[in-house]
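**Student:** Sharing a structure below in structure tokens format, with a few things to ask.
The values are calculated or read from the model by the stated rules, or taken from the named source; none is laboratory data. Quantities reported herein were computed from a predicted structural model and do not represent experimental measurements. Cβ coordinates were reconstructed from backbone atoms using ideal geometry, including for glycine residues, and neighbour counts include every protein chain displayed. For the accessible areas, the whole protein counts, side chains as well, though only heavy atoms, and no ligand, DNA or RNA atoms are used. Shrake-Rupley method; radii C 1.70, N 1.55, O 1.52, S 1.80 Å.
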Amino acid sequence: MATEAQRRALNNYRKKTKSIVIRFYPNEADEEMHAWLKSQENTTEYLKALVRSDMEKSEPQKNG
């Protein structure tokens with residue numbers, strides 16, 4: 001059981017962070033993607049690297 005101070009600290013932490021939820025449906029393509037993501041050592045860093053790479057690829061188009 002968390003103390004009142006721990007609950008307040010967690011609540012404050014959650015206010016400062018952002019999250020995105022992704023859902024995978026029970027079909028072959030989604031199951032394959034889910035398995036791939038779960039096989040990564042750090043899912044969050046893997047997804048951030050993909051987004052960062054995509055952003056860098058699109059920058060020349062955006063600035064040009």
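**Student:** Using a simple charge model, +1 on the beta-carbon of Lys and Arg, -1 on the beta-carbon of Asp and Glu, nothing else, what dipole does the chain show about its Cα centre, in debye to the nearest 20? Write out the running numbers ahead of the final one.
**Tutor:** On the way: 12 positive and 10 negative charges, 137 e Å.
Around 660 debye, computed over the chain.
**Student:** What length, rounded to one decimal in nm, is gained on full extension from ARG23 through to LYS57, with 0.36 nm per residue of separation minus their alpha-carbon distance? Mind dumping the intermediate values first?
**Tutor:** Values: separation 34, 0.36 × 34 = 12.24 nm, distance 2.61 nm.
Gain in length upon complete extension: 9.6 nm.
**Student:** Carbon-plus-sulfur fraction of the accessible area of the chain, 1.4 Å probe, in percent? Please report the intermediate quantities before stating the final value.
**Tutor:** On the way: 3480 of 6510 Å².
The value for the chain is 53 percent carbon and sulfur by accessible area.
**Student:** Do any GluC sites (Glu not before Pro) in the chain lie in a DSSP loop with no more than 13 other beta carbon atoms within 10 Å, and if so, which? Kindly include the intermediate steps, with their values, before the conclusion.
**Tutor:** Values: sites: GLU4, GLU28, GLU31, GLU32, GLU41, GLU45, GLU56; in loops: GLU41.
Qualifying residues, ordered by number: GLU41.
**Student:** If you work out P(r) over Cα pairs in 10 Å bins from 0, in percent from the coordinates, which of [x] 18, 45, 30, 6, 1; [y] 22, 46, 15, 10, 5, 1; [z] 16, 27, 30, 22, 5, 1 do you get?
**Tutor:** Only one option fits the structure, namely [z].
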